[in-house]
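Worksheet for the structure shown next.
The values are calculated or read from the model by the stated rules, or taken from the named source; none is laboratory data. Because the structure is predicted, anything quoted here is derived from the model rather than measured. No Cβ is skipped: glycine too gets one built from the backbone with ideal geometry, and neighbour counts run over all protein chains shown. Remember, those area values only see protein heavy atoms, side chains included, never the ligands or the DNA or RNA. Shrake-Rupley method; radii C 1.70, N 1.55, O 1.52, S 1.80 Å.
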Amino acid sequence: MSNNNSLPILVIIGPSGSGKSTIIKKLFDDNIIIINPTWTTRPPRIGEAEFGIEHYFASKKEFKEKQADNFFLETVEMFNLPFIYGLPQLKESTNNKVSLVMLRASLLPLFQKYYSNYFIYQIEDSLVNVKKRLAERQEKGENMGSRLADFEKEVELGRKVANRVFVNTKLSKLYEEIQQAIKEDYKL
């Protein structure tokens, strides 16, 4: 399957804690994107189930049923954890809204088996800032897990494949830069 939409899919990548989810929520709230949530059997982090729009959290039973019905293009286990992640078929862009999916850079080869028309934006921040952000979340009860294990590798891999790299020095500035890039890349 190849995606030949008139508008490419936007793929957001970057390490945990870099600001991806916050930016995606803002783009969604401003009616700029259509979100294609990836599916996972991992439990949601604090606030993610209520406010997370980039992932769909499924029970193992629900996930397996969807898998049996060939709902997913690909499924994968990651980070040596007992959770499964699934990529469903993505929605096409409509009404001047950009179709978006958030992935890990390491999953791009699986995505590229099905889609050929896309832009990749990497969002990153310094390890110091990411550690601070994740520590604040941990204080609120969020599990840090293996989220920093391959930070440097993920940043480097993302830089190799991204069409654009954005550094999160301040969320409002980051949002303006990404919004401007979307206007340029998608002629909106």
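Here are the numbers for this structure:
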read-out	value
Cβ-Cβ under 7 Å pairs, at least 6 apart or on other chains, the stretch 153-172 side within 20 Å of residue 107 (Cα to Cα) and open to solvent by 60 Å² or more (accessible area, probe 1.4 Å), far side of a type in the set (Val, Ile, Thr) and not in a helix (DSSP H, G or I)	159/165; 163/120
Residue 51 being surrounded by fewer than 17 Cβ atoms within 10 Å (Cβ to Cβ), aromatic (Phe, Trp, Tyr) and modelled with pLDDT of 95 or more	no
Of the criteria (1) buried (at least 17 other Cβ atoms within 10 Å of the Cβ); (2) modelled with pLDDT under 85, which one residue 144 fails	(1)
Test: residue in the stretch 97-105 that is more than 21 Å from residue 48 (Cα to Cα), of a type outside the set (D, E, K, R), modelled with pLDDT of 95 or more and in contact with a Phe, Trp or Tyr (Cβ under 7 Å, 6 or more places away or on another chain)	yes
Evaluation of residue 119 against (1) open to solvent by 50 Å² or more (accessible area, probe 1.4 Å); (2) at pLDDT 95 or above (one fails), failing number	(1)
Any chance residue 78 is within 15 Å of the chain's Cα centre (by Cα) and surrounded by fewer than 17 Cβ atoms within 10 Å (Cβ to Cβ)	yes
Restricting the stretch 86-107 to residues that are closer than 22 Å to residue 124 by Cα and open to solvent by less than 40 Å² (accessible area, probe 1.4 Å), the residue that is farthest from the chain's Cα centre (by Cα)	98
